[in-house]
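Bear in mind these aren't lab numbers, they're just calculated from the coordinates by the rules spelled out. The model shown is predicted, which means the values in this text are computed figures rather than measured ones. Using ideal geometry, Cβ is built from the backbone for each residue, glycine included, and neighbour counts are taken over all protein chains shown.
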Amino acid sequence: MSSGETFPMARAAECPFAPAPGLTRRAPVSRVRLWDGSEPWLITRYADVRAVLADPRVSVDVAQPGFPHTNAVSKARDARMKTLMQMDPPEHTAQRRILAPEFTVRKMAALRPRVQEIVDDLLDRLLAGPNPADLVEAFALPLPSLVICELLGVPYADRDFFQNVARTLVMDDPDPARAVAASEELNAYLEDLVTAKTAGPGLLRKLTGALPPHEIAVLGQLLLVAGHDTTAAMIALGTAVLLTHPEQFRDSSADPTEELLRYLSITHTEARRVALADLEIGGQVIRAGEGIVAVKSTANRDPLAFPEPDRFDALRPARHHVAFGYGRHLCLGAPLARVELKVAYSALRRIPGLALAVPLDRLEFRENAIFYSVRELPVTWASTLTT
Ligand code: HEM
């Protein structure tokens with residue numbers, strides 16, 4: 001039977017970058033209690049997490065009995081809208097085949113100059129404005145929002161609307177009806193961009209004809225929400241880590257991106273699946289129909305995969321982390337997120353005297369969001385950007 005708190009659990013205030021203590025103080029494969037009283041299996045070791053995520057006998061189909069929903073909101077939303085993330089093959093394979101060519105490492109690398117331009121522009125404005133300032137509002141949120149808007153062809157002028165919807169969705173608004181309404185409003189908006197042909201040049205327009213407008217809207221919603229809130233969360237939280245490790249922050253020989261992804265593992269609701277057949281993970285038999293929570297945050301701190309895992313070391317080879325997932329649902333946007341994060345962290349390094357404007361223990365963390373981060377990141381600096 002399960003022990004301890006209900007999943008998902010809060011991280012510890014004295015150690016806000018580490019996985020929730022309730023996830024680490026338990027057997028590698030154990031039962032955990034969810035909000036609805038169900039008790040799926042919680043898998044915490046690196047090798048076991050990868051084994052589960054690569055196993056064709058596990059499903060992401062939220063309609064399967066036993067699928068572990070993290071709360072009433074996600075259950076209500078999942079029942080209404082099925083995205084790529086909730087599809088098994090062959091449906092998943094077909095849709096991923098359409099999208100994958102749009103997000104290749106090569107295509108995303110080609111966006112780098114534009115990402116750099118946006119970063120430079122946002123930081124110029126930040127430095128010309130009041131000091132201290134909130135880095136989330138001024139930089140972490142606008143950067144990925146602008147990039148994903150340009151990629152999809154969504155007018156950036158509508159950002160207040162979609163950022164608010166995203167906030168309702170990913171911050172886990174406690175009211176399922178409100179979350180479903182917000183999601184449907186965003187879908188209607190995106191479908192309208194497609195049918196009225198008002199989308200700018202970009203993916204929405206390109207997919208017209210290949211998929212029906214409603215499906216393009218569902219995909220657009222996934223890409224728009226996953227494409228900006230995740231990266232924004234990583235930029236802000238990653239900067240908080242860097243500013244509390246100033247020597248590593250200033251060391252230009254170390255690109256901290258992969259280590260920050262590993263160290264922070266921001267997907268608070270982890271990877272959830274349901275077994276379609278009996279299988280054995282870490283010596284434990286999991287029966288068909290039982291839910292599984294594969295915990296990337298503990299896998300990324302497994303000493304067998306990452307020696308001294310609780311030490312933040314920007315120089316460590318960390319690219320085999322599972323922060324972007326593993327297996328067939330590996331994050332489609334990882335090549336894009338990597339470009340944005342690399343450019344962002346490197347540009348921040350060039351701001352003289354960049355520092356937190358409040359002590360770390362005064363920061364407020366997004367404990368209930370799907371993507372963990374800081375709510376605001378007040379920063380201060382010494383003078384203008386060097387070239
Ligand atoms: C899937 C994390 C950025 C689009 C995933 C998954 C993770 C993840 C863990 C797998 C979920 C699972 O296995 O259940 C992240 C993180 C990001 C990020 C940490 C930023 C640092 C992005 C961006 C985009 C994106 C920028 C869009 C351009 C997607 C999509 C999927 C996905 C479409 C579903 C893939 C599938 O099911 O085949 N992401 N993501 N993500 N991500 Fe990301």
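Taking the Cα centroid of region 53-125 and of region 255-274, what is the distance between the two, rounded to the nearest whole Å?
Here the two parts' Cα centres lie 14 Å apart.
Please give me, ordered by residue number, the GluC sites (Glu not before Pro) of region 1-103 that lie in loop per DSSP and have at most 10 other Cβ atoms within 10 Å.
14
Using Cα springs under 10 Å in a Gaussian network model of the chain, which residue among 63, 369, 166 shows the largest mean-square fluctuation?
Ranking 63, 369, 166 by mean-square fluctuation puts 63 first.
Residue by residue through region 278-285, what is 3J(HN,Hα) from phi via Karplus (6.51 cos²θ - 1.76 cosθ + 1.60, θ = phi - 60°)? Round to whole Hz and write x for glycine and proline.
After applying 6.51 cos²θ - 1.76 cosθ + 1.60, I find 5, 8, 10, 10, x, x, 9, 7 Hz.
Distance from a point 7 Å along Cα→Cβ of residue 360 to each backbone N in region 311-347: keep the residues under 15 Å and list them by number.
311-314
Among 351, 292, 266, determine the one that fluctuates most according to a GNM of the chain built with springs between C-alpha atoms less than 10 Å apart.
351
Which longest uninterrupted range of the chain lacks any trypsin sites (Lys or Arg not before Pro) assigned by DSSP to a loop state (not H, G, I, E or B) and surrounded by at most 16 other Cβ atoms within 10 Å?
That gives 83-196 as the longest site-free run.
With labels modelled as points extended 7 Å from the Cα through the Cβ direction, what inter-label distance (nm, one decimal) is found for residue 311 paired with residue 94?
5.1
Non-local amide H neighbours of residue 371 (under 5 Å, H modeled in plane, Pro and chain starts lacking H): which ones?
268
Enumerate the lysines that residue 296 could reach by cross-link, defined here as Cα to Cα under 26 Å, with residues fewer than 8 away along the same chain left out.
75, 82, 342
Compute the distribution of all C-alpha to C-alpha distances in region 268-309, in bins of 5 Å from 0, and list the percent of pairs in each, rounded to whole numbers.
6, 20, 20, 19, 19, 10, 4, 1
Pick from 134, 48, 158: which residue has the top mean-square fluctuation in a GNM of the chain where Cα pairs under 10 Å get a spring?
Top of the fluctuation ranking is 158.
Between region 140-163 and region 1-46, what is the separation of their alpha carbon centroids in Å?
Value for the Cα centre distance between the two parts: 34 Å.
Simple spin-label model, 7 Å along Cα-to-Cβ: residue 287 to residue 137 in nm?
Spacing of the two 7 Å Cα→Cβ label points: 5.3 nm.
Just grab the label-to-label distance for residue 319 and residue 117, each label 7 Å out from Cα along the Cβ direction, in nm (one decimal).
Calculated label separation equals 2.8 nm.
Quick one: what are the phi-derived ³J(HN,Hα) couplings along region 340-353, Karplus 6.51/-1.76/1.60 with θ = phi - 60°, whole Hz, x for glycine and proline?
After applying 6.51 cos²θ - 1.76 cosθ + 1.60, I find 5, 5, 4, 5, 5, 5, 5, 5, 5, 4, 7, 7, x, x Hz.
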